[in-house]
Structure formats: structure tokens, C-alpha cells
Amino acid sequence: MKLHLQDEEGASWLLSPGERNLLLTLFSRPTEPRQPARLSRDSEALEARCQADLAGELEQHRVALRSRLVALLGAARPFGSAEGEGAGWLLRLTVEDREGFLQALNELRLGAWEQLGRPHPPEVPPDLADNAPDILHWWTLEIASRFQGRLLSAVDPE
Amino acid sequence: MPEVDEESETRSTREPEFQVIVWDDPVNLMPYVTHVFQQVFGWSRDKAQRHMLEVHEQGRSVVVRESFEKAEFYVHALQKYSLTATLELAS
């Protein structure tokens with residue numbers, strides 16, 4: 001995933017065919033169950049006041065984001081010398097879409113991390129076997145981190 | 001002491017206040033947290049990084065003090081980015 005062009009309204013990103021397929025796969029999968037976000041740690045009254053609203057709003061937001069991203073990836077234009085035959089794809093993201101992309105990638109990271117039992121630090125064990133039962137979660141955590149890193153390094157260069 | 005904006009301090013004399021706290025966790029990446037602070041609060045990169053480091057090193061950072069409605073709005077915005085953010089009554 002590479003930044004192609006950037007303007008005030010957003011940016012165009014170049015995706016390889018593999019990257020586009022990977023993202024479509026990631027965003028098409030059902031969301032992992034997440035521990036409910038808390039509104040307050042100190043006040044039960046505050047927590048009760050808004051918890052239902054928050055949980056519902058976050059879930060709706062997650063579903064809408066993924067749906068939007070799958071649609072955007074599906075609408076990506078072929079790019080390159082062999083147009084239409086897998087040379088690459090041009091993905092246009094508005095600033096709002098980019099933020100949604102980052103949120104959805106982070107949601108994938110956190111969902112995988114929770115499924116892994118919240119390891120601290122969240123680093124792939126060096127002796128992880130190819131057939132480990134939790135390898136899909138490690139894979140999701142790593143892949144989503146890489147895409148997130150590419151987006152951030154282009155948007156917020158050091 | 002966590003850093004609090006001067007503007008927010010001034011407002012504390014006028015209305016009941018709630019503080020939005022961002023808590024440390026081992027999974028959100030530091031550049032991501034900095035980016036989220038810039039987006040949600042419109043902060044400069046330096047300010048966003050200061051608060052990110054406060055979260056990382058002290059376990060939490062008070063990012064704003066606001067009325068309930070505004071504080072709730074910010075908590076929801078931060079949680080959409082999957083940051084661990086809560087709303088507490090300012091002491």
C-alpha cells in the first residue's frame with residue numbers, strides 16, 4: 001500500500017492485487033466479539049447513564065465502517081500497465097474514509113488481541129507454530145498493524 | 001500532575017465539569033494514539049505527542065475538561081478509534 005497522490009480532500013493509494021484481496025478478506029469477516037467499552041471507571045451512575053447508548057453506537061459504527069470500506073475496495077480502479085489484469089488498484093480515500101480505515105484496522109487489531117487473551121506485550125511468540133490454534137488472530141494483529149503503519153507514516157511523516 | 005488546558009481550567013469556574021481520561025493499554029500503537037489526538041481535538045503534533053507520552057508513562061492523561069455533553073461526545077469519538085477513554089466527574 002503506497003501513497004499515490006494527496007490533496008486537500010484526501011488521497012489515492014496504490015494497492016497490489018494481494019493487498020486489495022487481503023483487505024477485502026479482513027473487512028468482510030464477521031467482527032470479533034469485543035469487551036464492552038466503559039464510559040466511566042469511577043462512577044456507576046455515569047456508567048449506567050450512557051452505557052447502553054455507547055455500546056449500541058459503537059457497534060453500529062463498526063458495522064457501517066466495514067461495509068463502507070468493502071464498498072470502497074470494490075470500487076477501486078485498476079492501475080498500471082496491464083490495466084484490469086491485476087497490475088494494481090487505485091483506492092481513493094477522503095480524509096473521513098482514511099480515518100474510518102484507521103479505525104477499522106485498529107478494531108481488527110483489538111479484536112484479535114482480545115481473542116489472544118490480551119498478551120502484554122502484543123508480540124508474536126518467536127516459537128509460534130504454523131498450526132497453532134490462534135495463528136489466525138496473530139496474523140490479523142500483524143497484518144492490520146502493518147497497514148495501519150503504512151497509512152500513518154504517509155499521513156503523519158516524522 | 002496531568003496537563004490540563006488553560007482554556008478548560010477557566011471554564012471550570014463556570015459550570016460543572018467532567019474530565020475525559022485516556023488510559024494506557026499495551027495494544028494501541030504510539031503513533032496511532034498521537035494521530036487520534038490530533039484528529040479528535042485538532043491539536044498540534046507536539047501537544048498530541050505530549051499527551052500520548054503522558055498516557056504511556058503515567059498510565060493516563062486528562063485530555064479535556066468539559067460539560068457532560070461535550071465530554072461524552074469526546075469519549076465516544078475516542079472510543080470509535082478504540083482508545084481506552086472514560087468520562088469522570090472532575091474533582
Amide H within-cut-off set for residue B:60, under 5 Å, with H built and near neighbours excluded: B:24
Kyte-Doolittle mean at least -1.0, axial Cα span of 20 Å or more - DSSP H helices of chain A: A:44-74, A:95-115, A:135-155
Accessible-area order (highest first, 1.4 angstrom probe) of the listed residues A:143, A:135: A:135, A:143
Segment A:2-155: Cα Rg divided by the 2.2 N^0.38 Å rule of thumb: 1.19
Amide H within-cut-off set for residue A:79, under 5 Å, with H built and near neighbours excluded: A:84, A:87, A:88, A:89, A:90
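The values are calculated or read from the model by the stated rules, or taken from the named source; none is laboratory data. Model, not experiment: these values are computed from the prediction. Only protein heavy atoms, including side chains, enter the accessible area calculation; ligands, DNA and RNA are left aside. Shrake-Rupley method; radii C 1.70, N 1.55, O 1.52, S 1.80 Å.
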